[in-house]
Amino acid sequence: MQDQPTAAELVEAVAEFIRNHAMSQLQGHTAFHARVAANALDIVKRELEIAPSANTGEAARLKALLGREGTLEELNRELCARIENGAIGLETPGLTDHLWATTLTKLAIDQPNYSGYKRAVEEGR
Amino acid sequence: MIRSSTAGLSVRVTDMGVEENPLSAPLAAVVRNHIPGATGITNLKRLSGGASQETWSFDVTTAGKEPVLLILRRAPGGARDSRATAVPLETEARLIDLAGHADVPVPTVRHVLAPDDDLGHGFIMDRIAGETIARKILRDDEFAAARPKLARQCGEILARLHRIKMESLPPLRTSPARSEIMQYLETYKAHGHPHPVFELAFRWLKDNAPPEKTAHTLVHGDFRNGNLMIGPDGVRAVLDWELAHIGDPMEDLGWICVNSWRFGNIDQPVGGFGSREDMFEGYESAGGLKVDPARVKYWEVLGTLKWGVMCTIMVTAFKSGTDRSVERATIGRRSSETEVDLLRLLAPRN
């Protein structure tokens with residue numbers, strides 16, 4: 001167990017420093033890149049908060065769908081192979097639910113303001 | 001592939017102009033020989049960076065008359081582009097010329113560089129005033145009157161572009177859906193990271209590919225918001241012809257509908273500014289083939305996947321050290337945007 005503050009809190013503090021203090025001292029392309037850097041830290045923060053439990057859920061769904069054990073990467077590679085060879089497809093029970101859950105998690109981490117994500121969340125209600 | 005642009009995501013204009021540019025002297029000589037009344041050049045500025053092409057803006061000074069505003073498109077360092085999918089600049093110039101004669105709005109090509117111009121491969125064309133930055137086109141008041149007209153204009157322009165006589169075209173690669181799929185599948189596999197949603201899309205695209213005998217025409221290949229020069233009056237010029245090829249004309253109609261090019265205006269499928277119906281009406285009224293909406297959707301799926309694969313391979317340049325910028329790094333985390341778009345197209349929940 002690590003000490004406080006948490007990794008997510010540290011990353012958040014750095015993002016706040018960039019936005020609230022550093023950016024006002026920068027100009028042009030460097031200011032643009034600083035904004036991109038702060039956005040990247042936001043991704044890291046969300047991943048630290050969301051991914052651990054989401055990955056556990058993803059692995060459980062993949063094991064049920066594929067009927068085998070493995071690491072998250074092995075299971076994803078197996079799913080890819082079975083979709084490619086046609087063994088699993090849109091009609092396979094559980095596939096689209098799994099892909100939706102996994103994809104919505106990715107977007108919640110990567111780009112929660114993306115129009116397609118926001119619309120998909122509304123449509124799923 | 002999809003131009004340095006990484007497609008309108010980044011700022012298009014970076015001023016890299018310097019006083020003693022080595023291009024200045026040969027360019028001044030070229031304009032004196034080829035632009036009537038030209039005395040020299042000023043304001044030479046690099047507009048877009050990028051591995052595939054350089055774009056330079058400059059003004060030609062004339063004896064006692066208005067300056068002539070021009071653009072130089074040139075291969076980096078004057079070398080020929082080595083990418084398989086991009087057309088040579090001489091071909092691009094020829095296509096722009098043909099398009100102009102077919103009433104497609106394009107800049108007039110003033111001169112195609114020859115070996116003794118000492119500037120490498122490229123061409124010089126008119127600089128048309130207007131805006132290419134998609135978010136400005138979609139938000140700024142200046143374009144409010146133009147926006148409702150754009151989808152129909154895009155349809156009309158594509159109809160004229162697709163009607164350009166095949167026998168008049170310079171040599172171009174032929175790339176129907178299946179070869180586009182195989183090309184991007186290879187790129188995706190080479191990258192190596194597993195994307196089950198991409199696999200599902202590849203599978204769906206293979207299973208639903210248009211029949212081999214589908215009519216082929218000239219296809220622009222990158223006709224979207226970001227590659228159109230827009231003025232308050234509407235579309236002023238179609239730019240970036242480097243991905244032109246022979247293929248299914250519905251490809252151009254589908255690509256401009258990809259959600260990534262709607263820049264947040266998700267309910268305006270054509271470029272974020274208009275409806276498919278308006279574009280299809282414009283297309284058919286200007287003499288285009290009958291639109292097949294299912295095939296347009298097919299190409300929207302393929303286009304969404306293409307952009308997703310492009311985002312993932314941005315990571316390669318970052319990881320290999322070719323480009324360690326934060327901007328490059330984070331584009332990899334945008335491939336998930338195309339995954340949610342692909343699921344909404346292939347497995348909608350509502």
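The values are calculated or read from the model by the stated rules, or taken from the named source; none is laboratory data. Every value quoted in this text rests on a predicted model; they were computed, and no experiment measured them. Cβ sites come from the backbone with ideal geometry, for glycine too, and all protein chains shown count toward neighbours.
Among the residues of region B:196-217, those identified as modelled with pLDDT of 95 or more and either surrounded by fewer than 16 Cβ atoms within 10 Å (Cβ to Cβ) or of a type in the set (D, E, K, R) (or both) are B:E199, B:R203, B:K206, B:D207, B:N208.
When B:H220, B:H193 are checked against the criterion of being under 14 Å from B:I96 (Cβ atoms) and either within 14 Å of chain A (Cβ to nearest Cβ) or surrounded by 23 or more Cβ atoms within 10 Å (Cβ to Cβ) (or both), B:H220 stands alone in meeting it.
Take the conditions assigned by TED's automatic domain parsing to the domain that holds B:L161, among the β-branched types (V, I, T) and surrounded by fewer than 24 Cβ atoms within 10 Å (Cβ to Cβ) and apply them to B:T312. Does it pass? Lay out the reasoning, then the answer.
Numbers: assigned by TED's automatic domain parsing to the domain that holds B:L161: yes; among the β-branched types (V, I, T): yes; surrounded by fewer than 24 Cβ atoms within 10 Å (Cβ to Cβ): yes.
Yes: the conditions hold for B:T312.
When region B:285-340 is filtered for residues that are among the β-branched types (V, I, T) and closer than 30 Å to A:H98 by Cβ, the ones remaining, listed by number, are B:V296, B:V301, B:T304, B:V309, B:T312, B:I313, B:V315, B:T316, B:T330, B:I331, B:T338, B:V340. Do the conditions hold for A:I43, that is, is it farther than 27 Å from B:F202 by Cα, touching a residue at least 60 places away in the same chain (Cβ under 8 Å) and not in a loop (DSSP other than H, G, I, E, B)? When the stated conditions are applied, A:I43 passes them. Filtering region B:321-350 to residues that are more than 7 Å from chain A (Cβ to nearest Cβ), within 23 Å of the chain's Cα centre (by Cα) and either on the phi > 0 side of the Ramachandran plot or not hydrophobic (A, V, I, L, M, F, W, C) (or both) leaves B:D323, B:R328, B:G332, B:S335, B:T338.
Per-residue answers, yes or no, for (1) touching a Pro at 6+ places or on another chain (Cβ under 6 Å); (2) surrounded by fewer than 22 Cβ atoms within 10 Å (Cβ to Cβ):
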{"residue": "B:I128", "(1), (2)": "yes, yes"}
{"residue": "B:K136", "(1), (2)": "no, yes"}
{"residue": "B:R147", "(1), (2)": "no, yes"}
{"residue": "B:L150", "(1), (2)": "no, no"}
{"residue": "B:K165", "(1), (2)": "no, yes"}
{"residue": "B:S168", "(1), (2)": "no, yes"}
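Pairing residues of region A:26-39 that are over 21 Å from A:A8 (Cα atoms) with residues that are polar (S, T, N, Q), at Cβ distances under 7 Å and at least 6 apart in sequence or on separate chains, gives A:H33/B:S325.
Evaluation of B:G221 against the conditions (1) touching a Gly at 6+ places or on another chain (Cβ under 9 Å); (2) part of a strand (DSSP E or B) shows that the sole unmet condition is (2).
Within the set B:L243, B:L253, the sole residue that is away from chain A (no Cβ under 14 Å) and farther than 27 Å from B:R333 by Cβ turns out to be B:L253. Among the residues of region B:261-313, the one identified as of a type in the set (S, T, Y) and in a loop (DSSP other than H, G, I, E, B) is B:S275. Restricting attention to region B:89-146 and to residues that are part of a strand (DSSP E or B) and more than 19 Å from the chain's Cα centre (by Cα), the residue that is nearest to B:M229 (Cα to Cα) turns out to be B:R110. Restricting B:M279, B:M314 to those that are at pLDDT below 95 and within 19 Å of the chain's Cα centre (by Cα) reduces the list to B:M314. Annotation note: Cβ proximity below 6 Å between a residue of region B:291-307 that is of a type in the set (A, V, I, L, M, F, W, C) and a residue that is at pLDDT 95 or above and surrounded by fewer than 24 Cβ atoms within 10 Å (Cβ to Cβ) (sequence gap 6+ or interchain) occurs for B:V291/B:F280; B:V296/B:G254; B:W299/B:G254; B:V301/B:L345; B:L302/B:L205.
Return yes when B:E199 is in a helix (DSSP H, G or I) and closer than 28 Å to B:A286 by Cβ and no when it is not.
So B:E199 does not fit the description; no.
For the residues A:N55, A:N20, the requirement of being surrounded by 12 or more Cβ atoms within 10 Å (Cβ to Cβ) and free of Cβ contacts under 8 Å to residues at least 60 places away in the same chain singles out A:N55. Number of residues in region B:255-305 that are within 15 Å of B:A177 (Cβ to Cβ) and surrounded by fewer than 22 Cβ atoms within 10 Å (Cβ to Cβ): the value is 5.
All conditions but one from (1) at pLDDT 95 or above; (2) more than 21 Å from the chain's Cα centre (by Cα); (3) closer than 30 Å to B:V326 by Cβ apply to A:R68; the one that does not is (3). Within region B:83-113, the only residue that satisfies the criterion of being small (G, A, S), out of contact with any Leu (no Cβ under 7 Å at 6 or more places or on another chain) and at pLDDT below 95 is B:A84. Selection of region A:19-34 for residues being modelled with pLDDT of 95 or more and within 12 Å of chain B (Cβ to nearest Cβ) yields only A:A34.
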